[in-house]
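Inspection log for the structure reproduced underneath, given as structure tokens.
Please treat every number below as a calculation from the coordinates, not as lab data. None of the values given here were measured: they were computed from a predicted structure. So basically every Cβ, Gly included, is an ideal-geometry build from the backbone, and we count neighbours across all protein chains shown.
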Amino acid sequence: MRSYSSNEVDLSRVFDVVVLGGGNAGLCAAMTAREEGAQVLMLESSPPEFRGGNSRHTRNLRYLHEAGNDHLTGAYLEDEFWEDLLRVTGGRTNEQLARLTIRQSGDLGSWMVRHGAHFQTAMRGTLHLSRTNAFFLGGGKALINAYYATAKDEGVEILYNAEVQDVGFEENELVSVIIGKDDPKRVRCKSLVAAAGGFQADLEWHKQYWGEATDNFIVRGTPYDTGKVLKALLEKGAKPVGDPRQCHAVAIDARAPKYDGGIVTRLDCVSFGIAVNRNAERFYDEGEDFWPKRYAIWGRIVAGQPDQIAYSLIDSKSIDLFMPSVFPPVTANSIREMAVKLGLDPTALERTVNEFNRAVRPGNFDPNALDDCRTEGLELVKSHWARPLDTPPFYGYPLRPGITFTYLGLTVNERAQVIMNDDQPKPNIFAAGEIMSGNILGQGYLAGFGMTIGSVFGRIAGKEAARHAIH
Ligand SMILES: Cc1cc2nc3c(=O)[nH]c(=O)nc-3n(C[C@H](O)[C@H](O)[C@H](O)COP(=O)(O)OP(=O)(O)OC[C@H]3O[C@@H](n4cnc5c(N)ncnc54)[C@H](O)[C@@H]3O)c2cc1C
């Protein structure tokens with residue numbers, strides 16, 4: 001794959017459209033703007049091998065469809081889609097933008113295929129999503145590579161290692177962008193699309209809200225989403241949207257790398273055993289609901305525990321019930337031995353497990369239903385899938401909060417224009433993807449919807465940016 005260096009792209013030109021960020025949203029915007037006839041430059045802060053931001057970690061996307069096809073098992077219509085979104089956000093969503101996203105997702109399947117995407121045939125076991133969500137063959141990385149190839153063929157110019165430091169508005173309506181730290185360069189354009197993700201990789205920024213606990217957070221995705229573009233535009237008067245304290249955070253394997261561990265560091269065992277904190281005490285109902293519906297709240301729950309660490313414990317009855325972990329579990333033949341291996345107080349852990357085991361009521365265990373296996377008499381109930389931990393070997397997994405993305409973003413209108421603090425849209429500044437998803441996701445998350453928002457708003461932003469620049 002050819003990458004341009006800043007010597008090869010003539011930066012003295014005034015570009016029609018400059019896209020900041022080369023993830024899904026940026027690529028959708030860049031390809032669309034180019035197809036509208038604009039000269040397009042995409043600035044990506046990573047080197048080519050790490051391009052694609054968080055988008056390269058994705059696996060699927062949710063889109064409206066009237067019937068099943070070879071990669072979706074049945075229809076998914078607007079009313080159901082909207083209800084699903086309403087439920088997860090608790091109504092904290094901009095209905096106009098949300099419904100626009102849902103409606104305009106209807107042709108995404110074919111649009112994506114035209115731009116190089118391949119979907120895989122629907123499978124069982126994919127988080128029960130085979131009707132609503134289409135899975136990318138080869139995952140997000142294959143999708144992103146295909147988009148880069150298409151963008152290049154279409155004539156989008158791409159500059160890697162081009163971290164945007166600042167964005168400025170010039171008097172003649174041109175936008176100037178400063179790239180590079182050591183040898184800063186100015187890029188000028190008629191329209192700008194901000195698609196540089198959230199600020200989840202800037203742990204210092206998180207510290208404002210989470211304090212020292214931040215040191216124990218793990219960033220599941222790219223280290224390049226540091227929020228510099230978001231910060232620059234907010235400083236220039238863009239109107240913020242979304243709660244800066246809110247983020248999508250899941251409980252992941254504590255042995256995951258600090259950044260970019262991706263999807264494989266997730267652990268799906270929690271609901272089949274008990275979870276204890278550093279004091280060897282349980283702290284939340286592990287069987288409240290199916291894990292895919294609960295794992296996204298567990299990041300914050302673990303973040304609230306001492307030292308932001310927890311341990312999921314199961315016994316041999318459950319080891320084959322979930323997706324195998326990428327890191328092997330800690331194995332022990334007794335609870336005491338497990339405590340020693342995890343660095344927990346053995347007496348305290350034995351007490352917790354014994355109390356739990358005594359409280360388990362007989363029931364019909366069914367991992368595929370909200371079954372009747374529950375505890376009775378404990379202050380902290382386990383509602384489903386409660387079985388005594390009594391059959392060695394025992395398995396233990398350390399858990400840490402893993403941040404997926406942040407919710408603070410830029411307010412936009414239905415043309416993807418960025419709204420300023422005076423509530424007026426900036427005519428030539430557009431935003432797409434994670435950087436504006438807080439308009440639609442005020443809280444909660446709907447699996448596969450991040451890519452929907454980025455794809456729909458990427459296309460809108462690209463089209464509008466090109467039109468503004470050319471006409
Ligand atoms: C492990 C994991 C799994 C996920 N799975 C799914 C899934 O299956 N389905 C789904 O819908 N969502 C999923 N998500 C969420 C999804 O990744 C995001 O919603 C989506 O990728 C956001 O796309 P984006 O283009 O806005 O941001 P990104 O893909 O993160 O792209 C932003 C780009 O901007 C670049 N950038 C950042 N700052 C600068 C700067 N200052 N200058 C220049 N460039 C900059 C970055 O390098 C990056 O390439 C997942 C996230 C993670 C972490």
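With everything on Cα atoms, drop me the angle between helix 139-154 and the longest principal axis of the chain, reported from 0 to 90° to the nearest 10.
On a 0 to 90 degree scale, this one is about 10.
Once you keep just the Cα pairs under 8 angstrom separated by 6 or more residues, what percentage relative contact order results for the chain? Numbers along the way, then the final one.
On the way: 1131 pairs, mean separation 109.0, N = 471.
Relative contact order, the chain: 23 percent.
Please rank R282, R51, R266, fewest neighbouring Cβ atoms within 10 Å first, as an exposure proxy. If you can, show how the numbers build up before the last one.
Values: R282 22, R51 26, R266 19.
Arranged by neighbour count, lowest to highest, R282, R51, R266 become R266, R282, R51.
Residue by residue, what Karplus-based ³J(HN,Hα) values in Hz, rounded to whole numbers, does the stretch 315-328 have, using 6.51, -1.76 and 1.60 with θ = phi - 60° and x for Gly and Pro?
Along the stretch 315-328, the couplings run 10, 5, 5, 10, 4, 9, 8, 9, 4, x, 7, 6, 9, x Hz.
Find the centroid of the Cα atoms in the stretch 175-250 and in the stretch 339-399, then give the distance between the two in whole Å.
Value for the Cα centre distance between the two parts: 41 Å.
Near the amide H of N69, under 5 Å away, which other amide H atoms are found, from residues 5 or more places off or on another chain, if H is placed in the peptide plane?
Here the answer is G74, since their amide H atoms fall under 5 Å of that of N69.
Dividing the convex hull volume of the alpha carbon atoms of the stretch 88-159 by its residue count, what do you get in Å³ per residue? Mind dumping the intermediate values first?
Working: hull volume 10.5 nm³, N = 72.
Spelled out: Cα convex hull of the stretch 88-159, divided by residues, is 146 Å³.
How large is ³J(HN,Hα), in whole Hz, for each residue of the stretch 231-239 in order, when computed from phi with the Karplus curve 6.51 cos²θ - 1.76 cosθ + 1.60 and θ = phi - 60°, using x for Gly and Pro?
Residue by residue, the stretch 231-239 yields 4, 4, 6, 5, 5, 8, x, 5, 7 Hz.
Rounded to two decimal places and with Rh computed the Kirkwood way over Cα pairs, what is Rg over Rh for the chain?
My calculation of the ratio gives 1.01.
Indicate the gyration tensor shape class of the stretch 249-402 (rounded, prolate or oblate), computed on the Cα atoms with a ≥ b ≥ c the square roots of the eigenvalues: a/c under 1.5 is rounded; otherwise a/b larger than b/c is prolate and the rest oblate. Display every interim value, and only then the final one.
Working: a/c = 1.45, a/b = 1.20, b/c = 1.21.
Taking the square roots of the gyration eigenvalues as a ≥ b ≥ c, the stretch 249-402 is rounded.
Each residue of the stretch 445-453 in turn: what ³J(HN,Hα) in whole Hz from Karplus with 6.51, -1.76, 1.60 and θ = phi - 60°, glycine and Pro shown as x?
Along the stretch 445-453, the couplings run 7, 10, 3, x, 8, x, 6, 5, 4 Hz.
For M42, which sequence-distant residues (separation of 5 or more, or a different chain) have an amide H within less than 5 Å of its own amide H, given hydrogens modelled in the peptide plane?
Amide H to amide H, under 5 Å and 5 or more residues apart or across chains, M42 pairs with V19, E157, I158, L159.
Arranged by the count of other C-beta atoms within 10 angstrom, fewest first, what order do R351, R92, R62, R56 take?
R351, R92, R56, R62
What list do you get for M451, M420 if you sort them by fewest beta carbons within 10 Å?
Ascending number of Cβ neighbours within 10 Å: M420, M451.
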